[in-house]
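Take a look at the structure set out below.
The numbers here are math on the coordinates, done by the rules we state, and not lab data. A quick note: this is a predicted structure, and the numbers were derived from the prediction, not measured. Here Cβ is always computed from backbone atoms with ideal geometry, including for glycine, and neighbour counts include all displayed protein chains.
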Amino acid sequence: MAHSDLEVVTTLSVVLTGFSAFRLRGTRLLEIYTAHLAARIGAKAFQSLREAVHKLSEASDDAEKDRILRHSILSDACLGPAARSLLKLWYVGVWHALPMAWHDRFGGALDDTDCVPCPASYTEGLLWPAIGTNPAGVKAQGYAMWARPPRIPNPSQEI
């Protein structure tokens, strides 16, 4: 079964970030991040990513998923840097450009630069729910919210 680009990035993002597909969809950034990743890494590298994520989605248990993630994606010279840039994008809202040596070897966008793909990247960054707070100066905090320490979510609850 062929996976759409959006499904590929969703599946990979769930495994990389630890957040549910529901939560990631709720950011309304999946389409933007999918297009951004595809444009930066190019069609050939994205096809390799599609194949690796297909293996990941067929994994029978979490241990096999972890093994595939580590060996077929994160340790891969082509996919590893792209996956790490995607992970950083989800958490802090900044795309970290792939090195020119990566582009020389694997292709992709030669004008790849560090950037914030859209204004919502900062406000919807996964850093904020991971530490149990809202981004400063953007979302309503409530009276004296920053006077109290952040509330760290219970790891047994879905984030």
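Quickly rank 75-81, 109-115 as a protection proxy: mean count of other C-beta atoms within 10 Å, highest first.
Output ranking for 75-81, 109-115: 75-81, 109-115.
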TODO: Scan the chain and report its longest stretch carrying no GluC sites (Glu not before Pro) that are both in a DSSP loop and have at most 12 other Cβ atoms within 10 Å.
DONE: 59-157
Task: Normalised per residue, the volume of the convex hull around the Cα set of the range 5-126 (Å³) - done: 85
Task: Computed label-point distance, nm, for sites I131 and R105 using a 7 Å Cα→Cβ extension - done: 3.3
TODO: Check cross-link reach from K65 to the aspartates and glutamates: straight Cα distance under 13 Å, and skip same-chain residues fewer than eight apart.
DONE: none
- [ ] Kindly write out, for the range 104-112 in residue order, the coupling ³J(HN,Hα) from the Karplus curve 6.51 cos²θ - 1.76 cosθ + 1.60 (θ = phi - 60°), rounded to whole Hz, with x marking Gly and Pro.
- [x] 4, 7, 10, x, x, 6, 6, 8, 4
Open item on the list: Explain nothing, just the number: dipole magnitude of the chain about its Cα centre with +1 on each Lys and Arg Cβ and -1 on each Asp and Glu Cβ, in debye rounded to the nearest 20.
Closed with: 440
